[in-house]
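Working notes, structure below.
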Amino acid sequence: MHPSTATLGPRARHIGTALLLYAATIAASVWLGAARPITFGAALASAAAVALGTLAMAFYLVRWTPFPRWGFLGAAAVLASSALLGPLVTPSPGAWSEGVRTMLWMHPWFIMVMGGIPPTGARGWCSPAAPWAGWLLIGVAVVLTLISWGAAAIARLM
């Protein structure tokens, strides 16, 4: 097992707490971005709620994740940055709301799912115990970012 991984997985009450944190994150994001028409400030506040929720989820679950801690927190940082940069990379708050915001639920969810994976001694290419597992986790976070932004760009073209 990798030296920076946990030995015990989260219990049911920890998963329940993570689910409550996830629900609060998404509810706050929806509430903050509910203005019609949406303004840049509302878009940024909604994105900030997702970014903070993603980081909070990572800091809560980092003690149980079988992935290297640096990779787990790095993936959360990529997803939080992605959420915050979303309103800046789209041409308007409306485009952000229609294209990017609809996919932001994945950010804290991804961290929650990866944090709840039980530890394993397996050494497969995508195993949390693999030497490159931290980089793989960060890479998946980058791919999720590109999917979100790419879907928004494609939706604008249609």
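The residue pairs whose first member lies in segment 20-40 and is in contact (Cβ under 8 Å) with a residue 40 or more places away in the chain, whose second member is open to solvent by 80 Å² or more (accessible area, probe 1.4 Å), and whose beta carbons are closer than 9 Å, counting only pairs six or more residues apart or on different chains, are Tyr22/Trp105; Tyr22/Trp109; Thr25/Leu52; Thr25/Trp105; Ile26/Trp105; Ile26/Trp109; Ser29/Trp105. Of all residues assigned to segment 122-144, none qualifies as being among the β-branched types (Val, Ile, Thr), surrounded by 16 or more Cβ atoms within 10 Å (Cβ to Cβ) and modelled with pLDDT under 90.
Let's see how each residue does on (1) closer than 17 Å to Ala83 by Cβ; (2) open to solvent by 80 Å² or more (accessible area, probe 1.4 Å):
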site	(1), (2)
Trp105	yes, yes
Pro108	yes, no
Thr120	no, no
Trp149	yes, no
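Would you check if there is a residue in segment 82-96 being within 27 Å of Ala133 (Cα to Cα) and without any contact (Cβ under 8 Å) to a residue 40 or more places away in the chain? Yes; the residues of segment 82-96 include at least one that is within 27 Å of Ala133 (Cα to Cα) and without any contact (Cβ under 8 Å) to a residue 40 or more places away in the chain.
Of all the listed residues (Phe59, Phe67), the sole one being assigned to a helix (DSSP H, G or I), at pLDDT 90 or above, more than 20 Å from Trp31 (Cβ to Cβ) and not hydroxyl-bearing (Ser, Thr, Tyr) is Phe59.
Residues of segment 39-78 that are over 16 Å from the mean Cα position of the chain (by Cα), crowded, with 17+ Cβ neighbours inside 10 Å and farther than 28 Å from Ala155 by Cα: Trp64, Pro66, Pro68. Kindly indicate which of Leu44, Leu84, Leu32, Leu52 is under 23 Å from Gly115 (Cβ atoms) and in contact with a helix residue (DSSP H, G or I) (Cβ under 6 Å, 6 or more places away or on another chain). Among Leu44, Leu84, Leu32, Leu52, only Leu84 is under 23 Å from Gly115 (Cβ atoms) and in contact with a helix residue (DSSP H, G or I) (Cβ under 6 Å, 6 or more places away or on another chain). Looking at Arg13, Arg36, can you tell me which residue is farther than 18 Å from Ala77 by Cβ, of a type in the set (Lys, Arg) and part of a helix (DSSP H, G or I)? On inspection, the qualifying residue turns out to be Arg13.
Only residues that are in a helix (DSSP H, G or I), of a type outside the set (Lys, Arg) and open to solvent by 40 Å² or more (accessible area, probe 1.4 Å): list them for segment 79-102, please. Result: Ser81, Leu84, Leu85, Leu88, Val89, Glu98, Thr102.
The values are calculated or read from the model by the stated rules, or taken from the named source; none is laboratory data. If you're wondering where the values come from, they're calculated on a predicted model, not measured in any experiment. FYI the Cβ positions are ideal-geometry reconstructions off the backbone, even for glycines, and counts take in every protein chain you see. When the accessible area is computed, the model is the full protein with side chains, heavy atoms only, and any ligands, DNA or RNA have been set aside. Shrake-Rupley method; radii C 1.70, N 1.55, O 1.52, S 1.80 Å.
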